[in-house]
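Notes for the one structure printed next.
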Number of protein chains: 2
Amino acid sequence: MIDNKAFYKLSYGLYVVSSIASGRKNGQIANTVFQITSDPLTVAVSINKSNLTHEYIQRSRLIGVSALSEKTPIPFIGRFGFKSGRDIDKFDGVDFKMGESGVPIVLENTTSYFELQVEKEVDTSTHTIFICKVLNAEVIDDSNAMTYKYYQEVKQGRVSRPSVESDVKTSDGKSKYMCQICGYIYNPAVGDETSGIAAGTAFEDLPSNWQCPVCKVSKDEFKKID
Amino acid sequence: MIDNKAFYKLSYGLYVVSSIASGRKNGQIANTVFQITSDPLTVAVSINKSNLTHEYIQRSRLIGVSALSEKTPIPFIGRFGFKSGRDIDKFDGVDFKMGESGVPIVLENTTSYFELQVEKEVDTSTHTIFICKVLNAEVIDDSNAMTYKYYQEVKQGRVSRPSVESDVKTSDGKSKYMCQICGYIYNPAVGDETSGIAAGTAFEDLPSNWQCPVCKVSKDEFKKID
């Protein structure tokens, strides 16, 4: 018997994992970054094979990791987590630096960062675990690190969880839409009380000046998710 | 430049990882347990090669993981974290069950547990990462999961951190001693205010009826750590 809720009791942090290839930078949100050994210092990072950052890591063998602060605004996480680097330059307007190794490192909302060099790749069905040597590690500020749990709690009540399957099912045939900036999901069965939108209102029937209740972008930034 | 404090910003949970070989059970505390893929359900566990549990896992290919509750008493963590299964039966007096796969699973102070079957081993310098298929997963109770950070915070002020190197250095030639039950470190430079022991008192000079200020065991349970 496998109860999926058992997995909610595993604890993770929240990170921007970045890389570069042929001069093109990209970064994404990840939650599985962990130290494996302390002598030598080894860190493992698990990344979905279909992501652009995965491709860049395999080409450059370099990884930047920024451990996000608890104070990180949700739209910032949305930018790195729900947009694809194939469509936008995620670093545009974001505070970052090029590390000594040549990997880009996000500094905004970062408590500490790491520059890593891939030493080993472990292939699993959908993800690669990159086992890495630590080239550089620095503390940026001493705020608390954001945990995945805390991130979900901050979003709770205001934002649905895109990772939970039941959140992306249709209700009475009307589709849900996700904000590509912050990850907010508009659920027609619920509506949007903050804007006076009644439960049962289809996304298509929302007024054209309706905005994302979390990050205030327009309807154009939403994408159908089922 | 590598600042070790940067690693404190990585987030982990706190788990009892258990296994069995030739009918002998063992378990230990670990903080690196994480889901790698969801289809198929895959979980990775990193274990120090010198630990007895590591030996049992390699022999049986079975792992039990108990995600500890935030309410877990520190001495319980000490039992699984600071004692060796080579010296005591850690399961003696502890609430556990034998899982369907034959692996022992700690139920006490557990929010959810997993039965895992090893599918792949990744060798790193001091640790093995076991990549595992999930056989069973169940929620025991819905309390919050203990994080490694929370565990350190609970201990703060009362218990030193055995993982921080500066904690285990001698002061003026007098040795520190660690409680093998709960992990409390007696530091002669600090003494033990709760029992009226002045700073500068060597462990050897403590009265014979002195007790661990955290878990109340006798001096016999302490071991010199430097």
Worksheet item: Can you find even one residue in segment B:30-37 that is closer than 25 Å to A:ASP3 by Cα and among the hydroxyl-bearing types (Ser, Thr, Tyr)?
Response: yes
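Condition check ((1) closer than 20 Å to B:GLU100 by Cα; (2) buried (at least 22 other Cβ atoms within 10 Å of the Cβ)) across all residues:
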residue: B:ASP39; (1), (2): no, no
residue: B:VAL43; (1), (2): yes, no
residue: B:SER46; (1), (2): no, yes
residue: B:GLY64; (1), (2): yes, yes
residue: B:PRO75; (1), (2): no, no
residue: B:PHE82; (1), (2): no, no
Worksheet item: Of all the residues that make up segment A:177-198, how many are assigned to a loop (DSSP other than H, G, I, E, B), β-branched (Val, Ile, Thr) and either surrounded by 18 or more Cβ atoms within 10 Å (Cβ to Cβ) or modelled with pLDDT of 90 or more (or both)?
Response: 1
Worksheet item: When the residues of segment B:134-144 are filtered to those that are among the hydrophobic types (A, V, I, L, M, F, W, C) and surrounded by fewer than 21 Cβ atoms within 10 Å (Cβ to Cβ), which remaining residue is farthest from A:ALA145 (Cα to Cα)?
Response: B:LEU135
Item to complete: Could you list all residues from segment A:16-43 that are farther than 29 Å from A:PRO75 by Cβ, in contact (Cβ under 8 Å) with a residue 40 or more places away in the chain and touching a helix residue (DSSP H, G or I) at 6+ places or on another chain (Cβ under 9 Å)?
Response: A:LEU41
Discussion item. Just to be sure before I move on: is B:SER60 buried (at least 17 other Cβ atoms within 10 Å of the Cβ), among the polar types (S, T, N, Q) and either over 22 Å from B:THR128 (Cβ atoms) or assigned by TED's automatic domain parsing to the domain that holds B:VAL16 (or both) in the structure I sent?
Written reply: yes
Worksheet item: Out of B:ASN26, B:ASN48, which single residue is assigned by TED's automatic domain parsing to the domain that holds B:GLU100 and touching a strand residue (DSSP E or B) at 6+ places or on another chain (Cβ under 6 Å)?
Response: B:ASN48
Worksheet item: Quick one: A:GLU70 ticks every box in (1) over 19 Å from A:PHE34 (Cβ atoms); (2) at pLDDT below 95 bar one, so which box is it?
Response: (1)
Worksheet item: Restricted to segment B:19-60, and to residues that are over 21 Å from the mean Cα position of the chain (by Cα) and not small (Gly, Ala, Ser), which residue is modelled with the lowest pLDDT?
Response: B:ASP39
Discussion item. Can you tell me which of (1) surrounded by fewer than 17 Cβ atoms within 10 Å (Cβ to Cβ); (2) over 21 Å from A:GLY78 (Cβ atoms) is the one A:THR201 doesn't meet?
Written reply: (1)
Item to complete: Determine whether segment B:212-221 contains at least one residue that is in a loop (DSSP other than H, G, I, E, B), farther than 15 Å from B:PRO75 by Cα and either of a type in the set (Val, Ile, Thr) or not assigned by TED's automatic domain parsing to the domain that holds B:ILE29 (or both).
Response: no
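Yes or no, residue by residue, for (1) modelled with pLDDT of 95 or more; (2) surrounded by fewer than 17 Cβ atoms within 10 Å (Cβ to Cβ); (3) in a loop (DSSP other than H, G, I, E, B); (4) within 7 Å of chain B (Cβ to nearest Cβ):
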site	(1), (2), (3), (4)
A:ILE105	yes, no, no, no
A:SER112	yes, no, no, yes
A:LEU116	yes, no, no, no
A:GLU119	yes, yes, no, no
A:VAL122	yes, no, no, yes
A:CYS132	yes, no, no, no
Worksheet item: Any chance segment B:89-96 includes a residue that's within 13 Å of chain A (Cβ to nearest Cβ), assigned to a strand (DSSP E or B) and either of a type outside the set (Gly, Ala, Ser) or surrounded by fewer than 17 Cβ atoms within 10 Å (Cβ to Cβ) (or both)?
Response: no
Item to complete: Please list, ordered by first then second residue, the pairs with beta carbon atoms under 8 Å, 6 or more apart or interchain, first in segment B:131-155 and in contact (Cβ under 8 Å) with a residue 12 or more places away in the chain and among the acidic types (Asp, Glu), second buried (at least 17 other Cβ atoms within 10 Å of the Cβ) and in a strand (DSSP E or B).
Response: B:GLU138/B:SER112; B:GLU138/B:TYR113; B:ASP141/B:SER69; B:ASP141/B:THR110; B:ASP141/B:THR111; B:ASP142/B:THR111
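The values are calculated or read from the model by the stated rules, or taken from the named source; none is laboratory data. What you are looking at is a predicted structure, and each value in this text was computed from that prediction instead of being measured. Counting neighbours? That spans all protein chains shown, and the Cβs are built from the backbone with ideal geometry, glycine included.
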